[in-house]
Amino acid sequence: MGVYLKATARAHTNIALIKYWGKRDESLFLPMNNSLSITLDKFHTTTAVEFCPCLPVDLFIMNNQLASSAEMAKITHFLDRVRGMSGKSWHAVVHSTNNFPTAAGFASSASGYAALAAAATKAIGLDLGNKALSQLARLGSGSACRSIYGGYVEWQKGEKDDGTDSFAKPVLEGGDWDLSIVSVLVTDTPKTVSSREGMKRTVETSPFYSGWLDSVEADFLHAKEALIHHDFELLGSIIESNALKMHATTLGANPPFMYWNSATLDVIKEVQSLRSGGIQAYFTIDAGPNVKVLCQPKDEQAVRESLEKLPNVQNTYLCHPGPGLTYL
Ligand code: PMV
C-alpha cells in the first residue's frame, strides 16, 4: 500500500422551498435569485475520498459500481479545483453511497457534492470553514451549497462576478420548528431534461422567465418571514405558488418541457382536497415528477395515508428537518 490521505463525510439532501432557477454565470454556478431549503433527515450521501500518489487517474465508485466516464469527468473536474486549492496533484479514489435511489427525484447531486467537497478538502489537508465549503460545493451543483447546513437554509445569490458572496447560511435550526415533509415517489425513471439544461433553456428562451425574476425575491422574503414567525399557512401558500411559477417557466421554453407526469397532478389534486377537508398540506416539486408535501407533524400520518391510496404513488417517505455535514 502506498501513502494515502483519507477522509469520509456525510451530507443530507435538501428540498427547495423557494427554488433556485436560472444561473447568471454558468461556469461559477452563480444563481439569478436567492433560494431557501430544508435539509432532510432521511436521505444522505456518504463519501470517502482517498488521495494517493500511486493513482494515475481519479476513480469514482457510486453505490459500489464504477461510474460512467461522463460522471467520472465531472468528479475529476471538481477534484481539480480541490487540488488547485491545496497545491497537491495526487489523484483520488472516491467512494460514494446514497441511502436512497439515485435519480429518483431526491436531489442526489446536492448531498453528493456537499459530501464530496467536505471529504476531499479534509483528506487533502485543507481546513475550510462552512462558508468556503458551501462555495466549493456550489461549483459541483448549485443546490449542494445548501446541504452543508442542517435545518432551514438560505442561499444568498450574491452580486459579485467572482462568486465570493454567493453561499448558503442557516436561517433556523431544524429543532426550532419541526415540520413534516412527505416525499412522494411517483416514478424512479431518470428525468430527460437535467436541472442544469432545464434552467439554461428557460433563461435563454422562455418569455415567462422575466415573470419568475419579477416575483421570486418577494416570495423569498415572505417565506423567510413565515419561517421565522412559524407561520405555517403563509409558508405553505408561498412555497406552493413559487413551485408552480418555476414549473410554468418550462412550458414557455423553446423547445418546451415539463417535469410532471399524470401522477404528479394526482398528488397535487389530493393535496388540494386535503386542504378543502381542513388539513393544512402544501406541495412543492423540484426538477422532476416526484412531489414533496409539507405539513405539520400532527397531520403527517393522515397526509401520508391519503397519498398512499393514490394508485400511481409508488411509495412515500416521511422526513423531518435533518442535520448538516458530519465527518465519519
Ligand atoms: O443544483 P441543481 O442543478 O440540482 O438544481 C436544482 C434546481 C431545483 O431543484 C429545481 C431547485 C432548487 O433550488 O433546488
Seminar exercise, completed: Once phi for every residue in the stretch 44-52 is put through the Karplus expression 6.51 cos²θ - 1.76 cosθ + 1.60 (θ = phi - 60°), the whole-Hz ³J(HN,Hα) values, with Gly and Pro written as x, are 8, 10, 10, 10, 10, 10, 10, 8, 8
Seminar exercise, completed: Rounded to the nearest 10 degrees, the helix 69-86 long axis (Cα) sits at an angle to the longest Cα principal axis of the chain of 60 degrees
Exercise. Could you give me the ³J(HN,Hα) list for the stretch 311-328, computed from phi with Karplus coefficients 6.51, -1.76, 1.60 and θ = phi - 60°, whole Hz, x at Gly and Pro?
Worked result: x, 9, 8, 7, 6, 10, 10, 8, 10, 9, x, x, x, x, 4, 9, 9, 10
Exercise. Relative contact order for the chain: what is it in percent, counting Cα pairs under 8 Å that are at least 6 residues apart?
Worked result: 24 percent
Exercise. Which order, highest average first, do 289-296, 203-210 follow once you tally other Cβ atoms within 10 Å for each residue and take the mean per peptide?
Worked result: 289-296, 203-210
Problem set entry | Dipole of the chain [Lys/Arg +1, Asp/Glu -1 at C-beta], most positive-end residue of Thr45, Ala302, Ala287 | Thr45
Seminar exercise, completed: Under 5 Å from the placed amide H of Asp58, counting only residues 5+ away or on other chains, we find Ala92
Exercise. Which of Gly151, Gly84, Gly211 moves the most in a Gaussian network model of the chain with Cα springs under 10 Å?
Worked result: Gly84
Exercise. Per residue of the chain, what 222 nm ellipticity follows from adding -39500 (n - 2.57) for every DSSP H run with n ≥ 4, rounded to the nearest 500?
Worked result: -11500 deg cm²/dmol
Exercise. If you add up the charges near Leu274, with Lys and Arg at +1 and Asp and Glu at -1, over every other residue whose beta carbon is less than 15 angstrom from its beta carbon, what do you get?
Worked result: -2
For this session: Treating only the Cβ atoms of Lys and Arg (+1) and Asp and Glu (-1) as charged, compute the dipole magnitude of the stretch 133-257 about its Cα centre; round to the nearest 20 debye.
Result: 560 debye
Exercise. Which of Asn34, Gly125, Leu17 sits closest to the plus end of the dipole of the chain, meaning its Cα is farthest towards the positive end, when Lys and Arg get +1 and Asp and Glu get -1 on the C-beta?
Worked result: Gly125
Problem set entry | Check: the chain dipole with +1 on Lys, Arg Cβ and -1 on Asp, Glu Cβ, in debye | 700 debye
Seminar exercise, completed: Given unit charges at Cβ for Lys, Arg (+) and Asp, Glu (-), the dipole magnitude of the stretch 175-234 about its Cα centre in debye, nearest 20, is 460 debye
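If you count, for each residue, the other Cβ atoms within 10 Å and average over each peptide, how do 272-279, 155-162 line up from highest to lowest?
Output ranking for 272-279, 155-162: 155-162, 272-279.
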Seminar exercise, completed: Mean separation of Cα contacts under 8 Å (at least 6 apart) over the residue count of the stretch 152-292, i.e. the relative contact order in percent, is 26 percent
For this session: Between Ala73 and Glu204, with labels modelled 7 Å along Cα→Cβ, what's the label distance in nm to one decimal, could you check?
Result: 1.7 nm
For this session: Name the residues whose placed amide hydrogens come within less than 5 Å of the amide hydrogen of Leu30, ignoring near sequence neighbours (fewer than 5 apart) on the same chain.
Result: Arg24, Asp25
For this session: Have a look at Met246, Met62, Met85 and tell me which one the Gaussian network model of the chain (Cα, springs below 10 Å) gives the largest fluctuation.
Result: Met85
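Every number in this text was worked out from the coordinates using simple rules, so none of it is lab data. This structure is a prediction, so every number in the text was calculated from the model and none was measured. Because the Cβ atoms are built from the backbone with ideal geometry, glycine has one as well, and the counts that use them run over all protein chains shown.
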